[in-house]
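To keep things clear, I will list the structure first and then write my remarks on it.
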Amino acid sequence: MSKTEVALVRTQEQPSEQQIEAAVRKAVELAGGLAGIAARGKTVIIKPNLVAPKPPESGATTSPIICRVVADMVREGGGRPIIAESSFVGLDTEEAIRMAGYDRLRAEGYEVVNLKQKGTELVTVPVPHGVALKEVSLPRLVVEADAIVSVPKMKTHDQAGVTLSIKNMKGVLPDAWKRKFHHTYGVFQSTADLLTVVKPSFAVVDGIVAMQGLGPAFGEALEMNLIVAGRDVVAVDAVTSAVMGFDLHECGCIREAAQRSLGVGDLSEIEVVGDTIGNVQHRFKRSEEAITEAIPFPPGLNIVVGDKTCSGCRNQILSTLFDLKEANLLEKTAGWTVVCGKAESLPEVSRDRLLLVGNCLARFRKEACFVQGCPPNSRDVIRGFGLTQSIGMVDVDAIENEESRRT
Ligand code: SF4
């Protein structure tokens, strides 16, 4: 029996748009092409990763060049490409579309759909082979598409090890279901369940500028100059994570999908065409390695993250700490314990330096300083620390004035 093929194509450093286009076309063709996927009259959803309003050069979001080339290939096959995305819980997808340069594609006549926009029709679909899910709510546009091409960014992820073409599919969910995946069902099993109902027929990974460390949004950009492509999304993710220096046991979403035979996760059963893993491999810094470098925690600052916390609160806390660090105010968090996500009880620490972040902890609201929101905004988290002014774009003077008034 022939092996599943995954294509690895390297570009030169800092490739031009034409060089990226050539690499995408070569990788797609090496991996078997879009025949049967992009056929006449078929609607093909192209799903980038626009997790947050950040440019592709940050390493956080898929380059519009890559989605444009995939869309062109779909059109060349006679299909109708639709680029569709819904960003992080609580974030504005329209802003993410603009920041990542997809508004240019719109201006050129490509369909770019914000799946969070008002009026997006949702349908509840059964998940007959679900382990965690029995049903899930999805945009009708995605459910009724003839095919899906996942076009993720090559990134580390603070919970899942990496986020690639499988994890990328969580971005088609409405926010309420994104939260449920984390705090009710568990992200590895529910993401594998999702794959059983909206399985991409092809994946093209943007590894031109990747992200290591504090992925999926706050990591460090890393030039890899790579495109990875294939028809088996599990195999594509297994090869890409190996390129990033990860073992499958570190990557919960890929491992779960492979264990359930939703694709091939065993590298010995995959034929890598184009370049080789060994030639392009680079060990990515893990999220947990980066966190202590990026945010020098002052003495006594502890972040307690429940097992089922979704990315919303975790990333809001990290984002707030980054802002405070930039404003040289990080030491104001010394001695605080910050809790987020579902919790059965509170840690045994002094209540006057205990900060509860997010509505998941609302039942404890009378027991410590509680910051409401799902997720809360940065200004309110900062207020929770006793800093009463906005630091959205780091309003340092206001904060320091406030501090000096109090001392
Ligand atoms: S409160 Fe925070 S952890 Fe809980 S569901 Fe909302 S964003 Fe997620």
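Counting the residues of region 334-354 that are more than 13 Å from the ligand (Cβ to nearest atom) and assigned to a strand (DSSP E or B) gives 2.
Does region 276-289 contain at least one residue that is within 16 Å of the ligand (Cβ to nearest atom) and buried (at least 23 other Cβ atoms within 10 Å of the Cβ)? Within region 276-289, none of the residues are within 16 Å of the ligand (Cβ to nearest atom) and buried (at least 23 other Cβ atoms within 10 Å of the Cβ). Taking each residue of region 317-340 that is at positive phi and looking for partners that are assigned to a helix (DSSP H, G or I) with beta-carbon atoms closer than 8 Å, six or more apart or interchain, yields 328/396; 335/353.
If we scan region 293-303, do we find a residue that is over 20 Å from the mean Cα position of the chain (by Cα) and aromatic (Phe, Trp, Tyr)? Checked region 293-303: at least one residue is over 20 Å from the mean Cα position of the chain (by Cα) and aromatic (Phe, Trp, Tyr). Taking residue 189, is it over 14 Å from the mean Cα position of the chain (by Cα), farther than 23 Å from residue 140 by Cβ and more than 16 Å from the ligand (Cβ to nearest atom)? Criteria met by residue 189.
Given the structure, is residue 45 part of a strand (DSSP E or B), touching a Cys at 6+ places or on another chain (Cβ under 6 Å) and buried (at least 22 other Cβ atoms within 10 Å of the Cβ)? First the steps, then the outcome.
Numbers: part of a strand (DSSP E or B): yes; touching a Cys at 6+ places or on another chain (Cβ under 6 Å): no; buried (at least 22 other Cβ atoms within 10 Å of the Cβ): yes.
For residue 45, the condition - part of a strand (DSSP E or B), touching a Cys at 6+ places or on another chain (Cβ under 6 Å) and buried (at least 22 other Cβ atoms within 10 Å of the Cβ) - is not met.
Looking across region 3-42, the residues that are under 24 Å from residue 140 (Cα atoms) and surrounded by 16 or more Cβ atoms within 10 Å (Cβ to Cβ) come down to 34, 37, 38, 42.
Bear in mind that the values in this text are calculations on the coordinates, not laboratory data. Not measured: the values here are computed from a predicted model. In this analysis, Cβ positions are derived from the backbone assuming ideal geometry, glycine residues included, and neighbour counts consider all displayed protein chains.
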